[in-house]
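First up is the structure itself, then whatever we jot down about it.
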């Protein structure tokens, strides 16, 4: 079992099976769940949310209609602390990847799913306020 820090283990993330509220940031184009918030706080990985958010503007992602409904994100950390951030439109159908020279992310792999980005793009340029229905939703797989 890999430990994120003294208070979080990989298995702790499996307890999330829904959310009681959505969290947001002024710089993200999606909201995120209790489980993602827990992960970001414990692993100090808000940067990962930001990487997924800015990647939404990449032509491979923004121009892919299938990815407007569902995106499968994986961060794989290597032994030397380099990493690869990968977006797939389905299992083994990669559409985007980014190499990271270094990360302090404490576990070898994490999966996140980004749903409903069509909501964001359909209201792009409008004032969306805090309505979570106007944003994509980043979730842990167990929260689906």
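Against the main long axis of the alpha-carbon atoms of the chain, helix 46-55 sits at an angle near 40°. Placing pseudo-labels 7 Å out from each Cα toward the beta carbon at residue 124 and residue 41 gives an inter-label distance of 3.3 nm. Normalised by the number of residues in the chain, the average gap of Cα pairs under 8 Å and 6 or more apart makes the relative contact order 28 percent.
Mind sorting out which of (i) 146; (ii) 128; (iii) 110 is the real volume of the Cα convex hull per residue in Å³ computed from the coordinates? Answer by label: (iii).
Counting only alpha carbon atoms, the long axis of helix 34-43 and the longest principal axis of the chain meet at about 40°. Taken along the Cα-to-beta-carbon direction at a fixed 7 Å, the label points for residue 144 and residue 54 span 2.8 nm. With the helix formula -39500 (n - 2.57) applied to DSSP H stretches of n ≥ 4, the chain reaches a computed 222 nm mean residue ellipticity of -5500 deg cm²/dmol. When 117, 70 are sorted by how many other C-beta atoms sit within 10 angstrom of their C-beta, beginning with the fewest, the order is 70, 117.
Computed from the coordinates by the stated procedures, all read-outs in this text should not be read as laboratory data. None of the values given here were measured: they were computed from a predicted structure. So basically every Cβ, Gly included, is an ideal-geometry build from the backbone, and we count neighbours across all protein chains shown.
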